[in-house]
Amino acid sequence: MRKGHMIVCDGGNGAGKTTVLKAIEVHLQAKGRELVMTREPGGTPIGEKVREILLSPDTPEMCGVTELMLFAAARAQHVRERILPAIAAGKIVVSDRFDSATVSFQHYARGLPLDLIHKINSIAIDGFKPDITIILDLDPIVGLQRVSSRGEGLDRMEQESMDFLHKARHGYLEQAKNDPAHFVVIDSSQPLEKVIIDVIHVVDRIIA
């Protein structure tokens, strides 16, 4: 059986993840590959319930440690219920966010100790690692303008300060710099067509 893979698309809100993920889905389907499209937090019935709590603007009092534990709980279920079985079956898992988001948002932006995040996350993923994480990099000011233009309202994370969002962006770039074998950064300020071409090139390299 063909080996399964996991490809993660991550980065700040408004960077074009939804459009890029759809392009990846269409591309891989055209190649006849079996896919599992998923997201974090979420991906399972339990994870989706946790997502509602995490992203609700009605919980501004949530402390950083609670946030970290909830993200990890959703991820633990996601890995065991959905991701690992799909990879074992030779499928390609494509996820909107994964563990790199926790390092960026909860350590670099929120300020929680990195060793704590690594300990909690290691329990959640139990040694698993995606094949590649594609970071769509965009100035948070531009990203927030894009999100606001949708007219859908902002979730709890999107309502954070601009300083918070800049720190999270820095966190993604630092992770990519420190682990170039598992991260690729793509400039999301480019024309969308060029962003998609760059992303598909990475995807094809991974699944070849």
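Each value in this text was obtained by applying a stated rule to the coordinates, not by laboratory testing. Just so it is clear, the model here is predicted, and its values are computed rather than measured. Cβ sites come from the backbone with ideal geometry, for glycine too, and all protein chains shown count toward neighbours.
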Gap separating the Cα centres of the range 129-208 and the range 43-74, nearest whole Å: 21 Å
Shape call, the range 21-95: gyration tensor on alpha carbons, a/c limit 1.5: prolate
Lys, Arg +1 and Asp, Glu -1 on Cβ, resulting dipole of the range 17-93 about Cα centre, debye, nearest 20: 480 debye
Longest exposed-site-free window of the chain, the sites being trypsin sites (Lys or Arg not before Pro) in a DSSP loop that have at most 13 other C-beta atoms within 10 Å: 32-149
Gaussian network model of the chain, springs between alpha carbon atoms under 10 Å - residue of Thr44, Thr19, Thr133 with greatest fluctuation: Thr19
Relative contact order (%) - criterion: Cα under 8 Å, at least six apart; region: the chain: 33 percent
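How charged is the neighbourhood of Arg97? Take every other residue with its Cβ under 11 Å from the Cβ of Arg97, and add Lys/Arg as +1 and Asp/Glu as -1.
Here the charged neighbours net out to 0.
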Entry for Rg and Dmax of the Cα atoms in Å (calculated from the structure that is shown) out of (i) 16.2, 48; (ii) 17.1, 60; (iii) 21.7, 66: (i)
Phi-based couplings in Hz for the range 100-116 (Karplus 6.51, -1.76, 1.60; Gly and Pro marked x): 4, 5, 5, 5, 5, 7, 8, 8, 5, 8, 7, x, 6, x, 5, 5, 5
Positive-end residue of Phe105, Leu68, Ile197, charge dipole of the range 5-207 with Cβ unit charges: Ile197
